[in-house]
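To keep things clear, I will list the structure first and then write my remarks on it.
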Amino acid sequence: MKNYDVKDLKLAPLGKQRIDWAESQMDVLRGIRERFIKQKPLKGVRIAACLHVTTETAVLAKTLKAGGAQVTVVASNPLSTQDDTAASLVKHEGIPVFAIKGENRATYYKHLNAALDTKPQVTMDDGADLVSLLHGKRKAQAQYVYGSTEETTTGVIRLKAMEKGGALKFPAIAVNDSKTKHMFDNQYGTGQSTIDGIIRATNLLIAGRVVVIAGYGWCGRGVANRARGMGARVVVTEVDPMKALEATMDGFTVMPMEKAVVHADIIVTLTGNIHVIDKEHFLKMKDGAVVCNSGHFDVEINLEVLHKMAKTRKEVRPFTVEYTLRDGKRIRVLGEGRLINLASAEGHPASVMDMSFANQALAAEYIVEHHKTLEPKVYALPQEMDEEIARLKLLSMELTIDTLTKKQKEYLASWHIGT
Ligand code: ADE
């Protein structure tokens, strides 16, 4: 195979234009790149980045390359690749990319293996697929890996399970554990881009609709708030009593999925779990219900069972497939049950990915600098780095904040002053 596999290099000019636009919104990452150009902290390091191949990921890849790394980019999801972006990375930046939107499972894995053939010393994952291969079919290679970074909640959960079971073979940095990642990307990024994906796929009016959100983690609350902001009547389903209580006190209606689906116009899953929407739910849905997923894997909606229940299945719009059940009821599934924000839209906007990918760039640098002393454990980035990213983001937004006076610092450090 040639050292890249993208849809069409002729798409590169449009990709470049869109990457430039994303870059203009990513001030923190641009600042890191300026330093990387001078210091070359990643000089000669082979990095395989398995991420959604978007314009924002392109800006990260350019930054890693500017730091001296030999970067290969590979898709972390068969449906999230922006083909023009992939083409531009190859053509204009000389960065090998293995990613084609709509690739099948075999090609997806062929691409992952091609990225691992470059013998990376640092791997980046969004969902732990490279790490899984490096602990499975390609485990002989694991000894050469300095460390890995992980972008998403689902991947971090897997890595922590591997660490607990004593299976993890190299250190991993849980980028998702940084506050400047999960509090912003997961909440405001997923909040906006999920609604964006639903609208681009369906062009439905959100106002007045009953929108059911499964899961009230950072992502779920983001979507719930944005849907409410657009006038939806929002219902939340949860299994965690604390999160259910939070959702209730945030003003949302909470009920079990079995009851919620009866009223739902649009159902969005963001739980990280399997078969959150199953046969019993499809049976109770109303005619025309729209079902989609914004959780990492395409397991949240049991599409296999829906296939079996359906009499016919047809694409009624790009990314919208209508299943007609034997009784004539229609259920519309968006984006094949894959991440709807990346399947039918462009993922999170660049200005929020700026912080996520600043964390990624610093995590790669941290691994290269410290790999000799890191253990095969899951680490968070040091809090100072997280806070520095927040400070730089504020600065880029031309916002300033107060600082503690000497007296205030003394007050916080003392225990003598009381009532
Ligand atoms: N995950 C969600 N949105 C994304 C984006 N725009 N780029 C890369 N990964 C993402």
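Where a number appears in this text, it was derived from the coordinates with a stated rule and is not lab data. A quick note: this is a predicted structure, and the numbers were derived from the prediction, not measured. Here Cβ is always computed from backbone atoms with ideal geometry, including for glycine, and neighbour counts include all displayed protein chains.
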> From the square roots a ≥ b ≥ c of the eigenvalues of the alpha-carbon gyration tensor of the stretch 1-84, which class results: rounded (a/c under 1.5), prolate (a/b over b/c), or oblate?
Replying inline: oblate
> Rounded if a/c is under 1.5, else prolate if a/b beats b/c, else oblate: with a ≥ b ≥ c from the C-alpha gyration tensor eigenvalues square-rooted, which is the chain?
Replying inline: oblate
>> Nothing charged except the Cβ atoms of Lys and Arg (+1) and of Asp and Glu (-1): what's the magnitude of the dipole of the chain about its Cα centre? Round to the nearest 20 debye.
In response: 760 debye
>> Under 5 Å between amide hydrogens, which residues at least 5 positions from residue 125 or on another chain qualify, with H placed 1.01 Å from N in the peptide plane?
In response: 50, 149, 150, 151
> Roughly what % antiparallel, to the nearest 5, for the DSSP beta bridges in the stretch 181-279?
Replying inline: 0 percent
> Under the Karplus relation 6.51 cos²θ - 1.76 cosθ + 1.60, θ = phi - 60°, what is the ordered set of whole-Hz ³J(HN,Hα) values for the stretch 74-79, x standing for Gly and Pro?
Replying inline: 9, 5, 9, 7, x, 10
> If you plug each phi of the stretch 87-99 into the Karplus form 6.51 cos²θ - 1.76 cosθ + 1.60 with θ = phi - 60°, what whole-Hz ³J(HN,Hα) values come out, in order, with x for Gly and Pro?
Replying inline: 5, 5, 4, 5, 6, 8, 10, x, 9, x, 10, 10, 5
> Amide H to amide H under 5 Å from residue 168: which residues, 5+ apart in sequence or cross-chain, H placed 1.01 Å off N in plane?
Replying inline: 163
> Out of residues 5 or more away from residue 236 or on other chains, whose amide H comes under 5 Å of its own, with H placed 1.01 Å from N in the peptide plane?
Replying inline: 213, 253, 254, 255
> Is it possible to state the helix-based mean residue ellipticity at 222 nm for the chain, with each DSSP H run of 4+ residues giving -39500 (n - 2.57), the sum divided by total residues, to the nearest 500 deg cm²/dmol? What is it?
Replying inline: -13000 deg cm²/dmol
> Taking all pairs of different Cα atoms in the stretch 281-419, averaging 1/r and flipping that mean, what Kirkwood radius in angstroms comes out?
Replying inline: 20.3 Å
> In the stretch 55-122, how many lysine pairs have Cα atoms under 23 Å apart, counting only pairs 8 or more places apart or on different chains?
Replying inline: 10
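Do you know the relative contact order of the chain, to the nearest whole percent, from alpha carbon pairs under 8 angstrom that are 6+ apart?
17 percent
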> If the cut-off is a Cα-Cα distance under 25 Å, which lysines reach residue 409, setting aside same-chain residues fewer than 8 apart in sequence?
Replying inline: 179, 393
> If you place +1 on the Cβ of every Lys and Arg, -1 on the Cβ of every Asp and Glu, and leave all else neutral, what size is the dipole of the stretch 328-419 about its Cα centre, to the nearest 20 Debye?
Replying inline: 560 debye
>> At a 10 angstrom cut-off on C-beta neighbours, averaged per residue, how do the peptides 202-211, 267-276 rank from highest to lowest?
In response: 267-276, 202-211
> Expressed as a whole number of Å, what is the distance separating the alpha-carbon centroids of the stretch 18-65 and the stretch 267-299?
Replying inline: 35 Å
> What is the Cα centroid distance between the stretch 127-162 and the stretch 349-385, reported in whole angstrom?
Replying inline: 15 Å
>> Over the stretch 137-289, what portion of Cα pair distances is larger than 28 Å, expressed as a whole percent?
In response: 30 percent
> For the stretch 184-198, in order, what is each residue's ³J(HN,Hα) by Karplus, 6.51 cos²θ - 1.76 cosθ + 1.60 with θ = phi - 60°, in whole Hz (x at glycine and Pro)?
Replying inline: 10, 4, 5, 7, 7, x, 5, x, 6, 6, 5, 4, 4, x, 5
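With the Cα gyration tensor of the stretch 226-294 giving a ≥ b ≥ c as the square roots of its eigenvalues, does the rule (a/c under 1.5 for rounded; else a/b larger than b/c for prolate; else oblate) give rounded, prolate or oblate?
Verdict is oblate for the stretch 226-294.
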